[in-house]
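K.L.:
Pasting in a structure now, in structure tokens, and then I'll have a few things to ask.
The values are calculated or read from the model by the stated rules, or taken from the named source; none is laboratory data. As the structure is a computational prediction, the values presented were derived from the model and not from experiment. Every residue, glycine among them, receives a Cβ derived from its backbone with ideal geometry; neighbour counts consider all protein chains shown. Quick note on the areas: whole protein, heavy atoms, side chains included, nothing else; ligands and nucleic acids left out. Shrake-Rupley method; radii C 1.70, N 1.55, O 1.52, S 1.80 Å.
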Amino acid sequence: AQSVTQLGSHVSVSEGALVLLRCNYSSSVPPYLFWYVQYPNQGLQLLLKYTSAATLVKGINGFEAEFKKSETSFHLTKPSAHMSDAAEYFCAVSDRAGGGNKLTFGTGTQLKVEL
Amino acid sequence: GAGVSQTPSNKVTEKGKYVELRCDPISGHTALYWYRQSLGQGPEFLIYFQGTGAADDSGLPNDRFFAVRPEGSVSTLKIQRTERGDSAVYLCASGGGLNTEAFFGQGTRLTVV
């Protein structure tokens, strides 16, 4: 079985500060990992994904994540937070059985950006 | 359409009633997924279709839940004898092929009163 754990259900940063959202995974096979963002009353939007190529993955809106097998981590970072980054962020791991992309999500981290 | 479309966007129903939730995937996408997101939680997998057939329905919580995709495009999630615990946002996603990313719709918020 696969799972992800997101440490910190709420994170608050100042505008311009570093954003670090933590995700640790558990998987019996080499994982595919994803970060999604969810703005209020909107669907989930893919930020970035790791699919066994480069371990440092760059996504949209200046976000990036690094896959660290030794630490079973896939933390999301952004050098400088913007007010528009305030949203809920979900880490997910994929079960690629049958060629599909069934996702197991973490419980989410609500990011607050303060002036 | 340009994205995954889910209707209705909101549904309020009485306990014990039957409801249907519809998902129109991105045109040409063969994979379709249903998830349920309860308040304060991440989405939980319900069922995955590859074409017309359910490839994995291991997430359906009980036999009150059923989903179909008869022509390999539009899917309907059906819930019988609804319970207050079924209240959640039901998300649909579609994907273009093997191991490709899933694109999510905005969800249907179901409230059982």
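K.L.:
Quote the accessible area belonging to A:Ser52 in square angstrom, nearest 10, computed with a 1.4 Å probe and with ligands, DNA and RNA left uncounted.
P.N.:
It works out to around 80 Å².
K.L.:
With a cut-off of 8 Å between alpha carbons and a minimum separation of six or more residues, what is the relative contact order of the stretch B:45-113 in percent?
P.N.:
Contact order relative to length: 22 percent.
K.L.:
Moving to a separate point now. Enter the buried accessible area of the A/B pair, total of both sides, probe 1.4 Å, in Å² rounded to the nearest 100.
P.N.:
Summing both sides, the interface buries roughly 1700 Å².
K.L.:
A further question follows. On the full set of protein chains, 1.4 Å probe, figure out the accessible area of A:Tyr50 and give it in Å² to the nearest 10.
P.N.:
Per-residue accessible area (A:Tyr50): approximately 20 Å².
K.L.:
Report relative contact order for chain A in percent, whole number only (criteria: Cα-Cα under 8 Å, sequence separation at least 6).
P.N.:
After rounding, I find 37 percent.
K.L.:
Moving on to the next point. Calculate, for B:Arg81 and B:Thr111, the FRET efficiency according to 1/(1 + (r/R0)^6) with r their C-beta to C-beta distance and R0 22 Å; round to the nearest 0.05.
P.N.:
According to the calculation, E is roughly 0.90.
K.L.:
Next question, about the same structure. For the charge dipole of chain B, defined by +1 on Lys and Arg C-beta atoms and -1 on Asp and Glu C-beta atoms about the Cα centroid, which residue among B:Pro43, B:Ser75, B:Pro8 has the Cα displaced farthest towards the positive pole?
P.N.:
B:Pro8
K.L.:
Sticking with this one: Would you rank A:Lys112, A:Lys78 by solvent-accessible area, highest first, keeping every protein chain in place and using a 1.4 Å probe?
P.N.:
Ranking A:Lys112, A:Lys78 by accessible area, largest first, yields A:Lys112, A:Lys78.
K.L.:
A further question on this structure: So how strong a dipole does the protein assembly as shown carry about its Cα centre when Lys and Arg Cβ are +1 and Asp and Glu Cβ are -1, to the nearest 20 debye?
P.N.:
It comes to approximately 260 debye.
K.L.:
With a Förster radius of 30 Å, plug the Cβ-Cβ distance of B:Ser38 and B:Val68 into 1/(1 + (r/R0)^6) and report the FRET value to the nearest 0.05.
P.N.:
After rounding to 0.05, the efficiency reads 0.80.
K.L.:
Shifting gears a bit: Rounded to the nearest 10 Å², what accessible area does B:Glu83 show when all protein chains are kept and the probe is 1.4 Å?
P.N.:
90
K.L.:
Average the reciprocal distances over every distinct pair of alpha-carbons in the stretch A:3-105, invert the result, and give the Kirkwood radius in Å.
P.N.:
14.0
K.L.:
On the protein heavy atoms, probe 1.4 angstrom, tell me the percent of accessible surface of chain A carried by carbon and sulfur.
P.N.:
Taking all protein chains in place, chain A shows 52 percent carbon and sulfur surface.
K.L.:
Roughly how many percent of the accessible protein surface of the stretch B:41-113 is carbon and sulfur, given a 1.4 Å probe and a whole-percent answer?
P.N.:
That fraction is 47 percent.
K.L.:
Same structure again: Using a 10 Å cut-off around each Cβ of peptide B:78-84, what is the average number of partner chain Cβ atoms that fall inside?
P.N.:
Across B:78-84, the average partner-chain Cβ count within 10 Å equals 0.
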